[in-house]
1. Looking at segment 74-84, which of its residues are over 19 Å from SER11 (Cα atoms) and either β-branched (Val, Ile, Thr) or out of contact with any Phe, Trp or Tyr (no Cβ under 8 Å at 6 or more places or on another chain) (or both)?
2. Looking only at segment 5-22, how many residues end up being touching a helix residue (DSSP H, G or I) at 6+ places or on another chain (Cβ under 8 Å) and part of a helix (DSSP H, G or I)?
3. List pairs: first residue in segment 240-251 and at positive phi, second residue part of a loop (DSSP other than H, G, I, E, B) anywhere in the structure, Cβ distance under 9 angstrom, at least six positions apart or on different chains.
4. Taking the options ILE176, ILE222, ILE200, name whichever one is more than 30 Å from LYS71 (Cα to Cα), at pLDDT 85 or above and touching a Gly at 6+ places or on another chain (Cβ under 7 Å).
5. Quick check: anything in segment 208-223 β-branched (Val, Ile, Thr), over 16 Å from GLY85 (Cβ atoms) and open to solvent by 10 Å² or more (accessible area, probe 1.4 Å)?
6. Residues of segment 200-253 being of a type in the set (Val, Ile, Thr) and in a helix (DSSP H, G or I), which ones?
Amino acid sequence: MTTTALVTGASSGIGYHSALRLHERGFKVYAAARRPMSDLEQRGISTVRLDVTVEDSMRQAIDTVMAQESKIDILVNNAGYGSYGAIEEVPLSEARRQFDVNVFGAMRLIQLVLPHMMTQDRGRIINVSSIGSGFSMALGGWYHATKYAIEALSDALRQEVRPFGIDVILVQPGLIHTNWESIAAQNLRSVSGLGKYSLIAKNFATALDAAGGGLASQPEVIADVIAHACTTAHPKTRYRKGMGAFLTRGLPLLPDRLVDTATMYLLNNMETIISRLTKR
């Protein structure tokens with residue numbers, strides 16, 4: 001029997017390549033996003049329009065898949081974006097939107113999918129988090145907070161639904177070359193590019209631009225991890241992959257003041273560091 005997978009945020013980046021990887025492995029894939037996905041359609045992948053901040057849109061997407069397949073075996077919660085800026089300067093309306101997209105949208109989709117998975121006594125939920133779920137950096141507080149939340153909710157959910165034959169798996173990408181970094185850099189410059197935080201904002205935005213210029217890992221790296229998590233008989237609870245994934249693993253174990261000092265050194269000297277890296 002063909003396995004049905006719904007992949008959110010599939011118009012580009014990790015979601016796009018995850019949809020392709022699962023399709024190549026014989027899954028019936030429904031790629032979901034707000035934007036058109038004609039390229040995926042040409043490759044034989046079904047697409048559905050989905051805005052994870054709109055209840056009706058989420059319900060309609062689930063109803064569409066159920067009407068055509070009568071089941072949803074796998075949900076890949078990948079939709080998300082990075083809203084950067086000083087905590088003082090990010091409008092609360094934008095902070096709420098960051099949570100709506102990165103946290104509440106994912107959790108609401110899970111609520112809508114779980115009843116269908118439970119009637120099957122099986123299912124897998126893949127929540128795409130970040131290596132930034134275990135630490136926070138200046139100017140990224142709201143983004144990191146959403147990833148902390150996804151981790152906490154996923155851990156609780158995994159315990160709740162395991163007795164029903166459902167796995168919950170976290171994927172923690174490192175720095176990945178997608179549209180994510182350009183959006184994050186743009187948000188950072190518009191929110192904190194002027195004023196008291198402008199120096200570190202400029203340096204941080206430079207680092208994000210460098211990621212877009214080739215320092216980051218390619219999204220296919222994470223798509224391969226997601227495909228593995230969907231197909232292996234015994235998935236791990238967490239997968240970390242991509243630039244920085246290994247280096248940041250031990251950060252939560254270090255003294256807070258040491259991490260603070262190292263982080264601010266990096267942010268204040270980011271342009272020099274990036275320049276040296278790109279010249280290699």
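The values are calculated or read from the model by the stated rules, or taken from the named source; none is laboratory data. For clarity, every value in this text was computed on a predicted model and none was experimentally measured. When we count neighbours, we look across all protein chains shown, and the Cβ atoms used for this are built from the backbone with ideal geometry, even at glycine. Ligands, DNA and RNA are stripped out before the accessible areas are found, and what is left, the full protein with its side chains, is counted by its heavy atoms. Shrake-Rupley method; radii C 1.70, N 1.55, O 1.52, S 1.80 Å.
1. Result: no residue meets the conditions.
2. So the count comes out to 9.
3. Taking only residues 6 or more apart or on different chains, the pairs are GLY242/GLY174; GLY242/ALA216; GLY242/GLN218; GLY244/GLY174; GLY244/ALA216.
4. On the way: ILE222 fails: more than 30 Å from LYS71 (Cα to Cα); ILE200 fails: touching a Gly at 6+ places or on another chain (Cβ under 7 Å).
On inspection, the qualifying residue turns out to be ILE176.
5. First, pick out the residues of segment 208-223 that are β-branched (Val, Ile, Thr): 221-222.
From the residues that got through so far, the ones that are over 16 Å from GLY85 (Cβ atoms) too are 221-222.
From what is left, the residues that are open to solvent by 10 Å² or more (accessible area, probe 1.4 Å) are 221.
Yes, segment 208-223 contains a residue that is β-branched (Val, Ile, Thr), over 16 Å from GLY85 (Cβ atoms) and open to solvent by 10 Å² or more (accessible area, probe 1.4 Å).
6. Initial filter on segment 200-253 (of a type in the set (Val, Ile, Thr)): 200, 206, 221-222, 225-226, 231-232, 237, 248.
ILE200, THR206, VAL221, ILE222, VAL225, ILE226, THR231 - these are the residues of segment 200-253 that are of a type in the set (Val, Ile, Thr) and in a helix (DSSP H, G or I).
Per-residue answers, yes or no, for (1) under 20 Å from ILE150 (Cα atoms); (2) without any contact (Cβ under 8 Å) to a residue 40 or more places away in the chain:
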position: THR3; (1), (2): no, no
position: ALA19; (1), (2): no, yes
position: VAL29; (1), (2): no, yes
position: ARG43; (1), (2): no, yes
position: SER70; (1), (2): no, yes
position: ASN78; (1), (2): yes, no
position: ALA86; (1), (2): no, no
